[in-house]
Each structure stands twice: as structure tokens, then as C-alpha cells.
Amino acid sequence: MLEITTHFYCSKAFSYRDNLLSYDLVLKHYSNPLVREEIAAYCSGRWVALEGGGPASRVFLRYAHNGKPLKVSKPEDLEGLLATYKGVRPRTVYGSINVYRRLEEERDLDDPHNIALCSPIWDIDGELSSWKQVLEAAGVIAEFLEQKGVRKSVFIKWSGEGCHVHIHERAFSSDLLSKHNPLDVAFSIVEYTLRALKDKLMPIVMRSNGKVKVENEIDIKRVFTAPLSLHRRHDLCCVCFKLNALDQFDVSWANLESFKHDVSWKGYVEGEADNLAIEALAAVGGYRGWAEGVKEAKATSIALEEKPQAAKIGRFQVMALLQAARYYLLTGDLDKAKSFGLNRAIFYAWAKHHARDVKAHLAAAKAREAEKEEKEARGAKLTQVCGEEVFVTDSGWFTMGGVVQTPKDYDRQIALNISSVIPYEEAWKAAIEYLKSFPQSYLQDQQKFFNEVYKPVRDSFIDVVVKKKRGAHKTLDEIFKQFK
């Protein structure tokens, strides 16, 4: 059992802004010793993720240059990660729901026996305007946990637009965890609770006009915001507080220069949540994702049903898809095509963000110049690929912003997103057919590819593939003729 005295840390007054901080101020926030200590305390043993990239694109990093999972065990580790990946301007720090026994290579993440602990976390999503309804939903969950005898091991994190209700991962006895995988325990508790509370939570969701959503997001590779990390869209930080402060919470607690954060989130009572775990496991049966490998397990979501919406795949994914198909047609190498596709998508997004008033090819040249010194220092070489100058590592993968883009990164950031709208294989086949309709010279020329191939379809490529699937068009040839 760990005992920590409740103590709030505060500083001078500050108001949040919708415009994101300059990166110097981001680094200033992370230079605060308390911020580093709290992030390290939460992330120790967890698989860490960094998010950056700016408004034009989101870059989500989970692996180091050598392919090892990112991790933070002590405050100095965070400083090192921010310095290493400064090229993508990291802003938000996340930690996995799982605490691992070993975190040295990628296969450690897929081994169920390597999961030492897992945090039951209820994800309550919302908007700043609906923060009171978010807290009301958190109160309903907290009351249920208290009724089940779980209080001292519970804490709440305000993430910036919503909150996460946590049961400390050490609130379970070693005897219980010797009989059940920690991920089974966490998933079952969250699922069991939401099923029991659906009738109480749905009215809150309805009063928020659908802005509030309560979900079971427990998944083998899921991450949640680390304490005192910056929010990815607002100049707010993630603050923790215990149940006795739930009625006093105000969103101003998350202001960067006046954050009110309770370090006693680390407190727990071992075995306090055992009885709840036994009830939940009997009712739910454990994590649903084991049979599906690393695929996301479908679980309870309490939200207003929405009408089906049009495809939401953006220009970033379309650029990556078409660049990958371009490289594949010219070289026949699928793995390097994925690396190239993601690399170019990041590159052009970076160029657009940093040189909005400059033509694309001039912005690209400016970006290359800015990156050249750093890349050469890291051993990456500038080479001509498909009519473009690209940095490539000795391993053969392309690199941008000090980060290597691997085929697995492409699958996670591009293929998975496209698959949420249409089977990726269909989008890939359509991309190949579309590019085959152009002379090879267009694929080998940077400006022709950007202006004549990519630009005409950047806002509609996925949409026309979906239409074709639904029978709105007979062939892709008929669809793509309108763009030429």
C-alpha cells in the first residue's frame, strides 16, 4: 500500500488560448521540474507516445530510431526525447494503459505475459463548452466505484477537453493478477461499469447535445495523456485530482501558468478493487481483443447516434497513399514505397505549415535546407528519389524531422485511417489504377506529380473510390477522367 499526502501545486494566473503556444513556450513548460517528475512517475514502465507536427499535420511517434518502443523512466529521459525528436516539435506526451515488465523491443508489446499491470480508465470525451457535463459523467462513475468499495485508489485527470477516470493499476492484489491478465481485469471493469451506468449516463450525453461521449477505450496498445502534459489543441495541461475535489474542479485548474494539480494521484490501496474485478470478470469475461491480435476490441460507447457521414480522410492520407503508389510503380518495392509515401506526406505538410504563402516547390526547397544540417549529422544522406530530393538512412528507410518513417508507421498512420472509411486494399488498387493513367514522366517529375496528379484529386480521391464501391460509377476510369 502506498500513502501520499494530498497536495496541490499552483502558480500565477493565466488564461488558455485557442492559438497554440510557440514551441519555445512548450519547451519552457516541459522544463518545469515538477512537470518532468510527474510525467516520469506516470510513464515509468509504460510505452510512451509523443505527438507533434503542428496544425497542418499530426505526427504520432511511438518508436525510437532503432525501432525500440519509446519510454520514460526518469525526468531526464523526457528531456532526451524532446531533444531527439525536436524536428517534429513534440507537444503532447502519452503513456500506455499497460505497464510492462520489459520494454526493449517491439515484440515485448505483443506478449500478454509481459503485461505486469493495466489501468482501468473511463474515457469521457467532450468540448471545453461542455466541461460541466463531462465532470457530471465522471461523478456518476466515481459514485459507482465508491459503492463497490473503490475510493482511495481512484483519481481523475482533466485532459483538456474531457477527462479520464482512473483506478490505479496497483489497486489489485498479486493473488488476483496471478489468476487473470491485467488487461482482462481493466477491460472488464470499464465495460461492466458502463453497462451498469448506461441509463444514468445517457441523459448527461443528451443534455450536452452530443458533445459528451463516454467510452470503453481499453485496448492492448491504447495510450492516455500523461499528467501535466500539454493538450494537443489547447494551451492547457492535463491535471489530476482526487474524488474529494470533484465538486470544486474548474477548467481553469488546467491553465499552464496556474495549474492546480494533485500529486496524490499516485496513492492506492492494494486489493481495494479486487471484489469489483471479480464481479466484472464474471459478467464480461475479459478483453475482447485477444482473438483479434492487436486489432481494437469493440466495446461500450455511450453517445448520441449520428447519421453516417461522408469520408473524412484528409489530404495528408491522400498524399501518402498516392506517393506510395507512385514509388511502387517506379520501383516495385512495396515496403520502401510505404516509407516514401509517409515521408512525403509529412514533408509537404511541414512545408505548407512553415511557408504558407510560398508555392509548394519553393516551400519544399526551404524545408530541405532547414533539415539538411541535422540529417547529415545523423548519418542520413540526401538522394534523388522519384524526381525528389529525400533523406534516406543506411537501413534504406526515408527520414524527416529526425524521425525514420517505416512501413509499420505507414500502416498505423495511413492505412489504418483509410480503413476506417473504406478497405485499404480498395483504395490502394484505385491509386495504382489512377497513376497508371499518366505517362511515367509525370511520376518521375516532382512538380508534374504534385500539380497534375495529386492536386486535382487531393480533396476527393477517397470519396470517389467510396462512390465506385457503392455503385455510383461503373469504372474508376470514368471517375478519374473528370480530373484530367
Note to self: Looking at region 196-209, I want the residues that are in the same structural domain as Ile141 (by TED's automatic domain parsing) and have a partner that is of a type in the set (Phe, Trp, Tyr) with Cβ atoms under 7 Å, at least 6 apart or on another chain. Which pairs are those?
What the structure shows: Ala196/Phe144; Leu197/Phe144
Check: Within the bounds of region 348-364, is there any residue that is in contact with a Ser or Thr (Cβ under 8 Å, 6 or more places away or on another chain), at pLDDT below 80 and either surrounded by fewer than 20 Cβ atoms within 10 Å (Cβ to Cβ) or not in a helix (DSSP H, G or I) (or both)?
Finding: yes
Check: Does Ile218 fit the bill of being farther than 18 Å from Ile121 by Cβ and out of contact with any Cys (no Cβ under 7 Å at 6 or more places or on another chain)?
Finding: no
Next item on the list: Tell me which residues, restricted to region 217-245, are surrounded by fewer than 24 Cβ atoms within 10 Å (Cβ to Cβ) and either aromatic (Phe, Trp, Tyr) or under 23 Å from Ser301 (Cβ atoms) (or both).
Entry: Glu217, Asp219, Ile220, Lys221, Arg222, Val223, Phe224, His231, Arg232, Arg233, Phe241
Note to self: Suppose the filter is under 30 Å from Val190 (Cβ atoms), at pLDDT below 50 and surrounded by 14 or more Cβ atoms within 10 Å (Cβ to Cβ); does Ala297 pass it?
What the structure shows: yes
Note to self: I need a count of the residues in region 265-290 that are surrounded by fewer than 19 Cβ atoms within 10 Å (Cβ to Cβ) and either part of a strand (DSSP E or B) or of a type outside the set (D, E, K, R) (or both).
What the structure shows: 9
Next item on the list: Take region 32-72 and flag every residue that is over 20 Å from Cys240 (Cβ atoms) and loosely packed, with under 15 Cβ neighbours inside 10 Å.
Entry: Pro55, Asn66, Gly67, Lys68
Notebook entry, point to check: Hey, any hits in region 236-244 for a residue that's more than 19 Å from the chain's Cα centre (by Cα) and in a loop (DSSP other than H, G, I, E, B)?
Noted result: yes
Notebook entry, point to check: Of the residues that make up region 68-81, is at least one touching a Ser or Thr at 6+ places or on another chain (Cβ under 9 Å), under 30 Å from His234 (Cβ atoms), part of a helix (DSSP H, G or I) and in contact (Cβ under 8 Å) with a residue 40 or more places away in the chain?
Noted result: yes
Next item on the list: Looking only at region 247-259, decide whether some residue is among the charged types (D, E, K, R), free of Cβ contacts under 8 Å to residues at least 60 places away in the same chain, in a helix (DSSP H, G or I) and out of contact with any Ser or Thr (no Cβ under 9 Å at 6 or more places or on another chain).
Entry: no
Note to self: Just to be sure before I move on: is Glu51 among the acidic types (Asp, Glu), outside any helix (DSSP H, G or I) and under 22 Å from Arg222 (Cβ atoms) in the structure I sent?
What the structure shows: yes
Checklist line | Matching strands (runs of 3 or more DSSP E) fully within region 375-451 where at least 3 residues are within 24 Å of the chain's Cα centre (by Cα) | finding: 398-400, 403-405
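The values are calculated or read from the model by the stated rules, or taken from the named source; none is laboratory data. Quick caveat, the model's predicted, so the values are computed rather than measured. Quick reminder, even Gly has a Cβ in these numbers, built from the backbone with ideal geometry, and neighbours come from all protein chains shown.
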